[in-house]
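Please read the structure below before turning to the comments.
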Amino acid sequence: MRPLSLASLSALHVPPPDLVRYAAEAGFDLVGALRLVRASDGSGFDLVGDAVLRQATASALADTGLGVLDVEVFRLRPGSSAAEAEPLLAIGAELGAEFLLTAVEDPEPERRAAVFAQLCGLARGYGVRCMVEPMIFSQVRTAGEALDLLEAAGADDAGVLVDTLHLARAGGSPADLDVLGATRLPYVQLCDADSAEAAATDRAGLSRAVREAVSHRLPPGEGVLPLAQVLRRVPPGAPVSLEVPNPAARADPAGWVRLLADAARRLLTPSG
């Protein structure tokens, strides 16, 4: 069975030490997409600025034996510098993270490639690899566009984080992963949805896509996304990260985490 990672967005209101314990109790191997700073709407927790919370999270990881797959998020915007990511990299390395997620919000290809190259160089010093996550509401929308950025930056050790919801909403298909190759796909992020249709690219359509992405996803196997076809294109043994925010997580976060783990096992366990 592939290693399972619980992404923090699946229950972002839960303090990270508790999230680690819920994940361990449900049988996850890792936690990931660990938010180190609060989101723009104030949700989440500040692991960079709160040393006490950071230590409690580290203690929960040590007590449970769980590892950290990835931390987030460095937003590559016009005017961004790689040095801005250093606190994320330092805390990520302290917690044992393997990867740093990058959201690309700079529309200028040459400028973002230059900053991303610097970011990857900085990350290597911390033993962390950089990942670009394509999203229809960012400036890198598809796996192909993400690969173009990595190649323009000369970032041979960087990868592309394919999220099955973002893949569908950008009008993509599992075959889009074929251009990446195994080294660019060190892990994948799974969720399901009740529609596989591409999102409209007008303002209203993108706004709906954002709302769905941050709060209305389905557990794997409960929707119509071609998850098995995606998994066939990801290297054997590569971790699977579950990022499944849903209002149900607020009523019973521990139960929600168990439900996600069970859904993933059903998907990943060979039949017969």
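Residues that are surrounded by 21 or more Cβ atoms within 10 Å (Cβ to Cβ), assigned to a helix (DSSP H, G or I) and touching a residue at least 40 places away in the same chain (Cβ under 8 Å) within region 147-179 comprise L149, A153, T164, L165, H166, L167, A168, R169, L177, listed in sequence order.
Selection of region 68-121 for residues being of a type in the set (D, E) and free of Cβ contacts under 8 Å to residues at least 12 places away in the same chain yields only E84.
Got a number for residues in region 180-225 being assigned to a helix (DSSP H, G or I), touching a residue at least 24 places away in the same chain (Cβ under 8 Å) and among the hydrophobic types (A, V, I, L, M, F, W, C)? Reasoning before the result, please.
If we filter region 180-225 for residues that are assigned to a helix (DSSP H, G or I), which is where we start, we get 182-184, 203-215.
Going one step further and asking which of them are touching a residue at least 24 places away in the same chain (Cβ under 8 Å), we end up with 182-184, 206, 209-210, 212-215.
The next check asks that each one be among the hydrophobic types (A, V, I, L, M, F, W, C); those that pass are 182, 206, 209-210, 213-214.
Total satisfying the criteria: 6.
Does V31 qualify as being outside any helix (DSSP H, G or I), out of contact with any helix residue (DSSP H, G or I) (no Cβ under 6 Å at 6 or more places or on another chain) and within 24 Å of V162 (Cα to Cα)? Before you say what the answer is, go through the steps one by one.
Working: outside any helix (DSSP H, G or I): yes; out of contact with any helix residue (DSSP H, G or I) (no Cβ under 6 Å at 6 or more places or on another chain): no; within 24 Å of V162 (Cα to Cα): yes.
Judged against the criteria, V31 is not a match.
Annotation for region 173-181: at least one member residue is out of contact with any Leu (no Cβ under 6 Å at 6 or more places or on another chain) and over 30 Å from S207 (Cβ atoms). Checked against the criterion of being among the aliphatic types (A, V, I, L, M) and either buried (at least 24 other Cβ atoms within 10 Å of the Cβ) or modelled with pLDDT under 95 (or both), the candidates A23, A58, A51 yield just one match: A23.
Counting only strands (runs of 3 or more DSSP E) wholly contained in region 70-145, no element carries 3 or more residues that are more than 17 Å from the chain's Cα centre (by Cα) and surrounded by fewer than 23 Cβ atoms within 10 Å (Cβ to Cβ).
The residue of region 236-249 that is surrounded by the most Cβ atoms within 10 Å (Cβ to Cβ), among those that are at pLDDT 95 or above and more than 17 Å from the chain's Cα centre (by Cα), is A249.
Contact map, region 34-46: residues that are over 19 Å from E86 (Cα atoms) paired with residues that are of a type outside the set (D, E) and modelled with pLDDT of 85 or more, Cβ distance under 6 Å, separation 6+ or inter-chain. Pairs shown: S43/L12; G44/L12; G44/R35; G44/R38.
The values are calculated or read from the model by the stated rules, or taken from the named source; none is laboratory data. Computed from a predicted model, the values in this text were never measured in an experiment. Reconstructed Cβ throughout: ideal geometry from the backbone, glycine too, with neighbour counts over all protein chains shown.
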